[in-house]
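Novice: Input: one structure, supplied below.
The values are calculated or read from the model by the stated rules, or taken from the named source; none is laboratory data. None of these values were measured; they are calculated from a predicted model. Here the Cβ is made from the backbone with ideal geometry for all residues, glycine too, and neighbour counts use every protein chain on show. Protein only, heavy atoms only, side chains kept; ligands, DNA and RNA dropped before computing areas. Shrake-Rupley method; radii C 1.70, N 1.55, O 1.52, S 1.80 Å.
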Amino acid sequence: MSVTIKDVAKKANVSPSTVSRVIANNPRITEETKNRVREVMEELGYYPNFQARNLVANKTNTIGIVMANSAALSFQNPFFPEVLRGVSATAHANQYGLYLTTGATEEEVYNEVVSMVQGKRVDGIILLYSKENDQTIDYLANSSFPFTIVGRPSVNPNQFTYVDNNNIENSKEAVQHLVELGHEKIAFVGGSLDFVVSQDRLTGYKQALKKAGIQYREDLIFHQEMTASIDQDSVIQLMNRSEPPTAIVTHDDLVAYELIRYLEELKITVPKDVSIVSFNNHKISEHLRPPLTSVDISIYDLGFQASSLLIDKINQPNIQDTHKIVSSTLIKRGSCRRNN
C-alpha cells in the first residue's frame, strides 16, 4: 500500500497542508519544520505527486530541448551531451526535468515544438542551434512562449535571449595562430552555411587573412552538413592541388579526426606536412597523436547559461531579452608546427 501525504503528516505531527507547503518549499514554513517533514518523507519512502501539483499550478516543471537534427544523429557529436550536461545542472538545481525532441527531420522537429507549446508539455524551450530561415524560431518568436537559443540569431538578435561565443573572433584567433607560424596557404573546412556559427567562423577566417595580407581563395574552402562525415573526395582534391594548403582549419574536432585519418591514407603527416586547428576541444583531442590544437568554446557553460536565462524568463515573463557571450580559449597542442 502506497504512502500518502496524510501518513507523512501524522508521523511528522503536522497537518497535511503543512506537508504540501514543505513540498512546494513555501518560505513561510520554518527550516526546522521542513527538515523534519523531509526526514519523515524519506523514512516512509513518500514521493510527491508532482504531476498533480503541477496541474494545479498550471506548470510542468519541464524544459523542452530542441536540436536541429534527430537525437540519434546529434548524440554522435560530443558537443550535445556536454551542452546538455550544462543545461541539466541548472535545471536540476531548480527542480526542472528535460523533454528532448525526437523528430528525424526539420518538419518533424517543428511539429514537436508546436505540440510542446500548444499542449503545454513544457514551461520553456532551449534551441541548441541557430540557423537561417528556421520555421521553429519564427514560430516561437510569434508565440510569446519562453525560449532561449544557443547561438546568435540570424536576424534581429537584440529581440531574442541567447547564449553564444564570439565565433568571429575565435576563428580569427585560430587563423592568426597559423599565420604566426608562417602559414599562408590555409584551407577552411566549414559547417553548413545555413547555421549562423558557420557563417561567423568563415567571416573570422576571411578577416584574419585580410589582416595578414593573404589573398582569400575559394579553392581552399569547402563546407559540409553539421552532422555528416567529411567528404573524402574533397580532401583528396584539396591536397592534390599544385599548391596544396600547409594548414587547415576545421569547424569541429570530429571533422579533424576524420581529416587526419584521410591524410594518413594519402601519406600526409600532421603536423610535419600540414597543420590543423579545430573547434570545440572535445576531451579526446588532447589524447590524439598528435594532440589536436582546438578552440575550447566552454560547451558546458553554453548549456548552463542558456538554462539559467530560460528559467529567469519562465519565472519573470516580462523580463527584458538579453544575451551572454561565453568565453573561449585557443588550446595550442602538437597538431601545428612552424611552416619552414
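Novice: Under 5 Å between amide hydrogens, which residues at least 5 positions from SER294 or on another chain qualify, with H placed 1.01 Å from N in the peptide plane?
Specialist: SER278, ILE331, ARG333
Novice: When the chain is fully extended, how far beyond the present Cα-Cα distance does ASP321 get from SER115, taking 0.36 nm per residue of separation?
Specialist: Contour length minus the Cα-Cα distance gives 71.7 nm.
Novice: For region 196-280, just say rounded, prolate or oblate: build the C-alpha gyration tensor, square-root its eigenvalues into a ≥ b ≥ c, call rounded for a/c under 1.5, and beyond that prolate if a/b exceeds b/c, oblate if not.
Specialist: oblate
Novice: Under 8 Å for C-alpha pairs, at least 6 residues apart: give me the relative contact order for the chain, rounded to a whole percent.
Specialist: 18
Novice: Can you give me the distance in nm between label points at PHE222 and ASP312, each placed 7 Å from the Cα along the Cα-to-Cβ direction?
Specialist: 4.3
Novice: Would you tally the net charge around ALA12, using a Cβ to Cβ cut-off of less than 13 Å, leaving ALA12 out, and scoring K and R as +1, D and E as -1?
Specialist: Numbers: positive: LYS6, LYS10, LYS11, ARG21, LYS34, ARG36, ARG38; negative: ASP7, GLU32, GLU39, GLU42, GLU43.
Here the charged neighbours net out to +2.
Novice: Only bridges with both residues in the chain count here: give the DSSP antiparallel percent, nearest 5.
Specialist: 10
Novice: What residue among ALA141, ALA208, ALA91 shows peak mean-square fluctuation when the chain is described by a Gaussian network model with Cα springs under 10 Å?
Specialist: With Cα springs under 10 Å in the chain, the top fluctuation among ALA141, ALA208, ALA91 is at ALA141.
Novice: Could I ask something else about it? Going by a ≥ b ≥ c, the root eigenvalues of the Cα gyration tensor, does region 61-173 fall in the rounded group (a/c under 1.5), the prolate group (a/b larger than b/c) or the oblate group?
Specialist: Because its axes are fairly even, with a/c under 1.5, region 61-173 counts as rounded.
Novice: Given a Förster radius of 25 Å and the C-beta distance between ASN156 and GLN215 as r, what FRET efficiency does 1/(1 + (r/R0)^6) yield to the nearest 0.05?
Specialist: The pair ASN156/GLN215 has a calculated efficiency of 0.15.
Novice: For ILE314, ILE230, give me the order by solvent-accessible area with a 1.4 Å probe, most accessible first, ignoring ligands, DNA and RNA.
Specialist: ILE314, ILE230
Novice: Can you give me the distance in nm between label points at SER143 and THR269, each placed 7 Å from the Cα along the Cα-to-Cβ direction?
Specialist: 5.5
Novice: While we're on this one: Can you pull out the trypsin sites (Lys or Arg not before Pro) in region 243-274 that DSSP calls coil and that have at most 11 other Cβ atoms within 10 Å?
Specialist: LYS267, LYS272
Novice: Return the loop-located GluC sites (Glu not before Pro) in region 76-152 (DSSP other than H, G, I, E, B) with at most 10 other Cβ atoms within 10 Å of their own Cβ; answer none if there are none. Intermediate values should be presented prior to the final figure.
Specialist: Numbers: sites: GLU82, GLU106, GLU107, GLU108, GLU112, GLU132; in loops: GLU132.
Passing both the DSSP loop test and the Cβ count: no residue.
Novice: So how far, in whole Å, is the C-alpha centre of region 1-48 from the one of region 139-215?
Specialist: About 51 Å separates the Cα centre of region 1-48 from the one of region 139-215.
Novice: Between THR4 and GLU169, what length in nm is gained on full extension when 0.36 nm per residue of separation is reduced by their alpha carbon distance?
Specialist: Extra length available between THR4 and GLU169 comes to 53.7 nm.
Novice: Taking all protein chains as present, what is the carbon and sulfur share of the accessible area of the chain, in % to the nearest whole number, probe 1.4 Å?
Specialist: Whole-percent figure for carbon plus sulfur exposure: 47.
Novice: Can I ask one more? In deg cm²/dmol, rounded to 500, what helix-only [θ] at 222 nm does the chain give when every DSSP H run of at least 4 residues adds -39500 (n - 2.57) and the total is split over its residues?
Specialist: -13500 deg cm²/dmol
Novice: Just grab the label-to-label distance for ASN13 and ILE236, each label 7 Å out from Cα along the Cβ direction, in nm (one decimal).
Specialist: 8.2
Novice: Then there's this: Restricting to region 223-340, compute how many DSSP beta bridges are antiparallel as a %, nearest 5.
Specialist: 35
Novice: What shape does region 192-340 have by the C-alpha gyration tensor, where a ≥ b ≥ c are the square roots of the eigenvalues, rounded means a/c under 1.5, and otherwise prolate means a/b greater than b/c and oblate the rest?
Specialist: prolate
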